[in-house]
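Q: Okay, here's the structure, questions in a sec.
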């Protein structure tokens, strides 16, 4: 008689056996990253409401079939935990498919079994399972699918993480660690009408606001601020799309102690009584981080640069949640342009490969593709490059097999948006962002050299992953297309008189007269120029103050990388001290979305036409950690997972420097002074 085991929504039977192997929770590839991204992005607070993204969001599979082929010498006792309603089945050596039975999550798989299958449903969280036996454990050797048991066409290797090994806590119920943090000052600020209490936590923070000794009843307006001026601007909180992005109304009528259910970013908290006679005796917070060890390090002879490193690490730590978000206060969304830079910074600080992978899934979503990532053409192209770089830094061989089908379908969509000549076209609904520039960029009505370079790189990266998974014909086609487009760029856009690549050619053949830094600096580190043109670009663009300057840390990242790539670290050192050091001199405790040294006072906080619209803790502001690790310490992988790597340090005018670069197998320690350098491997796995 066939029997079926239905495991409850969360099986938590105590384990009675000690096992040598590690079991991990496993799930359908991408589902955890997509789910986390949805949860996190839906918590963005703006103008008193929760603001969700304006691009499509995708959902994890609610029903998944986990499968593993087995070969046993004896009966295998298993312990099984499931986050969802599940049934355990198996196939014997005669091909019979058997719906079996077990008790309290304990199950014995008979030795004549050739496969085991767990069918699971969860409509609230990504379905996941944890399996432990003497020889069988849940890991990426299992496959996941969503079709009928007999049809394995959709099977892909399961996804897992070293974060999720505790059988008591499935991924969908895991929480990031917190610790209590008290303000450096709290009280009632003078001259602020209606504010009953305020607090300064001394630095940019992220976590759950807590109110203590609440008395009376009524509602309060909480103002989350990154500057003291913003905290005090209570009169602007109710204006339509007003200056204050981060505020909300909370009813405290039933509370004596209050802890917010949603974490948020701020330095200052202001509380205004909105109704009733409610009062608050004190404020604190539960500070939340991902709990990652800071594996990368840097110290040098320049104390200002040391401080820039430290604040960059703090900025990155704050924006490194379950997935990488853009800003902890505004935006709280996952943007591809920010995320791919966060990955590179992360590789030199935390080595959090799981976070990168989950964020790549958040951005990509599922099929069918409905628009460019974040609705931005360049952000789609960056994603392809980030997938290939992830493989190089992490050594994750399974991810390529998991992601390639969605990589291919996204590339098919991107190619469908090109013009008749196969170039990135100005299509309705597609946003060519490039950068927040001091004056508008001529991005519309033609093809920019910059977007074409990004497309070439995206094709090359996709070809590399295709080759990894054995899709050689795909790889050949992508490379042929990339080679053709690459060969066009310099002849088509080079202006001999200006000694630089032009920004855009309109659809009617007119060349826009504007020279920008963007295509020229990307051309430097993508290898588009011979020596003569390289020298011309450095002179006429990179070192030419008449060419519009870059004001965002976002594109300063690439500008300074281009200078490092041609050996101008001493120039870059000065730029880092001037630009990021300039923010430090203004009291920054995390780095900003944009910095203009010519601005004064509150003007530093304004953006998007709003008095306090600028994010003062922005992921792309942490770029010095990447520049220092990659181009000053000079460490970079030359084979996936740092199986091979090179170290080419450059002091850039420093007296000495030393630091650690994390790898999947440990750390690379580099010590450099004017007499030479020493490299030490520290292997811990």
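Q: Enter the Cα centre distance for the pair the stretch 395-456 and the stretch 262-303, rounded to the nearest angstrom.
A: 37
Q: Just round it to a whole percent: the fraction of Cα-Cα distances in the stretch 168-230 exceeding 20 Å.
A: 43
Q: By counting other Cβ atoms within 10 Å of each Cβ, how are 645, 554 ranked from fewest to most?
A: Lowest to highest Cβ neighbour count: 645, 554.
Q: With r as the distance between the Cβ atoms of residue 93 and residue 121 and R0 = 35 Å, compute the FRET efficiency 1/(1 + (r/R0)^6) and round to 0.05.
A: After rounding to 0.05, the efficiency reads 0.75.
Q: Here's another thing I want to ask about it. May I ask you to work out the translational diffusion coefficient for the stretch 23-85 at 20 °C, viscosity 1.002 mPa s, via Stokes-Einstein with Rh from the Kirkwood sum over Cα pairs, reported in whole µm²/s?
A: Result for D is 139 µm²/s.
Q: Let me ask you something else. For residue 39 and residue 497, compute 0.36 nm times the residue count separating them, minus their Cα-Cα distance, and round to one decimal in nm.
A: 159.6 nm
Q: Next question. Once you have the Kirkwood Rh of the stretch 178-288 from its Cα pairs, apply Stokes-Einstein at 4 °C and 1.567 mPa s and quote D in µm²/s.
A: Rounded to a whole number, D works out at 94 µm²/s.
Q: Right, next: Could you put 300, 89, 371 in order, starting from the residue whose Cβ has the fewest other Cβ atoms within 10 Å?
A: Listed from fewest to most nearby Cβ atoms, that is 371, 89, 300.
Q: Using only alpha carbon pairs under 8 Å that are at least six residues apart, calculate the relative contact order of the stretch 178-288 and give it in whole percent.
A: This gives 47 percent for the stretch 178-288.
Q: Let me ask something else about it. Starting from the Cα-Cα distance between residue 473 and residue 596, subtract it from 0.36 nm times their residue separation and give me the gain in nm to one decimal.
A: Answer, rounded to one decimal: 39.4 nm.
Q: How much FRET efficiency would the formula 1/(1 + (r/R0)^6) give for residue 275 and residue 106, where r is the Cβ-Cβ distance and R0 is 60 Å, rounded to 0.05?
A: That gives a FRET efficiency of 0.60.
Q: What FRET efficiency would be calculated for the residue pair residue 54, residue 444, taking the C-beta separation as r and a Förster radius of 22 Å, to the nearest 0.05?
A: 0.70
Q: State, to one decimal in nm, how far the label point of residue 257 lies from the label point of residue 22, with both points 7 Å from Cα in the Cβ direction.
A: With each label placed 7 Å out from Cα toward Cβ, I get 3.5 nm.
Q: Can you pull the one-decimal nm distance between simple spin-label points at residue 180 and residue 656, each 7 Å off the Cα toward Cβ?
A: 4.3
Q: Further, regarding this structure: What is the list of residues in the stretch 495-537 whose amide nitrogen lies under 20 Å from a point 7 angstrom out from the Cα of residue 420, following Cα to Cβ?
A: Within reach of a label on residue 420: 505-511.
Q: Counting only C-alpha contacts under 8 Å and six or more residues apart, can you give the relative contact order of the chain as a whole percent?
A: Computed over the chain, the figure is 13 percent.
Q: Hey, rough spin-label estimate for residue 483 and residue 412, points 7 angstrom out along Cα→Cβ, what's it come to in nanometres?
A: Simple spin-label model gives 2.5 nm for this pair.
Q: Quick check: convex hull over the Cα atoms of the stretch 36-187, volume per residue in Å³, rounded to an integer?
A: Once divided by residue count, the hull of the stretch 36-187 is 161 Å³.
Q: Taking 0.36 nm per intervening residue step and subtracting the Cα-Cα distance, what contour gain separates residue 584 from residue 114 on full extension?
A: Working it through step by step, the gained length comes to 162.9 nm.
Q: Given the rule -39500 (n - 2.57) for each run of at least 4 DSSP H residues, summed and divided by the residues of the chain, what is its mean residue ellipticity at 222 nm, to the nearest 500 deg cm²/dmol?
A: That calculation yields -8500 deg cm²/dmol at 222 nm.
Q: Compute the distribution of all C-alpha to C-alpha distances in the chain, in bins of 10 Å from 0, and list the percent of pairs in each, rounded to whole numbers.
A: All Cα pairs, binned at 10 Å, distribute as 3, 14, 22, 24, 20, 12, 5, 1, 0 percent.
Q: Going by how many other Cβ atoms sit within 10 Å of their own, how do 420, 284, 301 line up, fewest first?
A: Sorted ascending by nearby Cβ count, the order is 420, 301, 284.
Each value in this text was obtained by applying a stated rule to the coordinates, not by laboratory testing. For clarity, every value in this text was computed on a predicted model and none was experimentally measured. Counting neighbours? That spans all protein chains shown, and the Cβs are built from the backbone with ideal geometry, glycine included.
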